[in-house]
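The values are calculated or read from the model by the stated rules, or taken from the named source; none is laboratory data. Predicted, not measured: the structure shown is a model, and the values here were computed from it. For neighbour counting, all protein chains shown are included, and Cβ atoms are generated from backbone atoms with ideal geometry for every residue, glycine included. In case anyone asks, the SASA skips ligands and DNA or RNA and just uses the protein heavy atoms, side chains included. Shrake-Rupley method; radii C 1.70, N 1.55, O 1.52, S 1.80 Å.
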Amino acid sequence: RLVPMAPLSVAPAGPLLRPLSAPLASLRLSPGPAPGLAAPSPSPSFASARASTVFATAAAAAAGLRVGRLGRRSSAKAKATHRGRVSLLPRRAAAQAETKPKELSERQRQFWEMLEEDLEDEVVPEFGRENLGRVFEFIKYCKGEVPIPQLPEGQEVDPEYFPGLRAKPWWEPEECGDWIEFIREGLPYVQGELADLVEEDEQSLISDSVQNNVMGDGWSGFRLQRLGSWLQKNSSRFPQTVQLLKESGAPLAMRGVIVARQAPNTGVAPHSDGRNIFLTAHFGLSIPEECDMTVGGETRPWVEDGARVIDTSFVHSTRNESDEDRFVLIVDFWHPDLTRPEWEALEYIYDFRTRFEQGKVKYVPKVPKDFWETLQLYSAWGGAYSEETIKDNNSSF
């Protein structure tokens, strides 16, 4: 059972790691819970998997040693394969300006009608319309009522464009909040739980991972959280990671949290995620050489035990040309330029969409604005008619 985690702080370095050539099981840190976080009761089979200190990994790196590689190695190098939705660049602002307002399908019309009515009833009273102006502009872009403005080179957003947000492919972690450093200091917990899973039950990591055509065959993600909900089955394999994320105060966006794996000699094709409302932090868990990502035309490597922050509305791609798996913890979070009322409203919108798509929200035609006035006018208690006059006049009302 988890206990409240005290703030992480610098601790004396523990025993150093073994060289890279040692087997996976022996590449783990020595036993003993890290300060500030009570370790669960480990079974003898993986008692040695627990980190001795938060900064033992950093100490090992300083001594010229590497964290043990997690997962598979390929027997031979092969050219990285790239599959997925290829980006359409350059994006021409003129073409956007000429785009006519799109016609909504009947189902889309029903969705927006119900959502906007619910926003007026539930969200506007709580936060005030004066604080939600950009949210209603966002809805107009989503509905295709106004054209998307000219975007920076390499950025592709259509139709989920939120106005007034800074746009750049790479962000410094310090620009995005103290929670990133909090998680970075706790990465040994994540690495330990990942190594346990790979060592003891790698098949579950494979079977429970999501894949899609955009990311290609070499990429898979073990999802821990989505749309504000922690996935119980997967989260139970990463209890300390979940606690770390919760206590970090990270403003998690609707896509949530994934432990992502990139197989050897594969890559993700250039693509945009098409939304500018969130940024994405990549925390390096196990990063071989010859691994990097390109965002907005600029290429940088991942940082093992560190963090990179990117805007995935810019065209981006990845490569892993090593013979080892690459693992990162991916955390999507609301754009720093969004106000609290704005991202609360966006959470409401995307939660509503999920429930609508799952059939949990049924369309009910909107009652006309003058319905109640009309009913009062023609009702018996309104004095317009009586049961007797209806009968006498043979009315069909």
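A few points about this structure:
- Summarising the overall dimensions of the range 239-377 from its C-alpha atoms, the Rg and Dmax are 20.8, 78 angstrom.
- Whole-number D in µm² s⁻¹ for the range 202-275, Kirkwood Cα-pair radius fed into Stokes-Einstein, 4 °C, 1.567 mPa s: 96 µm²/s
- Calculated SAXS-style log₁₀ I(q)/I(0) at q = 0.16, 0.18 Å⁻¹ - the range 134-259, Debye, Cα scatterers: -1.01, -1.13
- Alpha-carbon gyration tensor eigenvalues x 5, square-rooted, for the range 273-312, Å: 20, 12, 7
- Spatial extent of the range 214-254: Rg and Dmax, with the Cα atoms as the point set, Å: 11.8, 34
- Between the residues 283, 245, 187, the greatest Cα displacement towards the positive end of the dipole of the range 179-295, with unit charges on the Cβ of Lys, Arg, Asp and Glu, is found for 245.
- Measuring with a 1.4 angstrom probe and ignoring ligands and nucleic acids, residue 298 comes out at about 80 Å² accessible.
- The range 301-330 and the range 241-274: distance between their alpha carbon centers, rounded to Å: 10 Å
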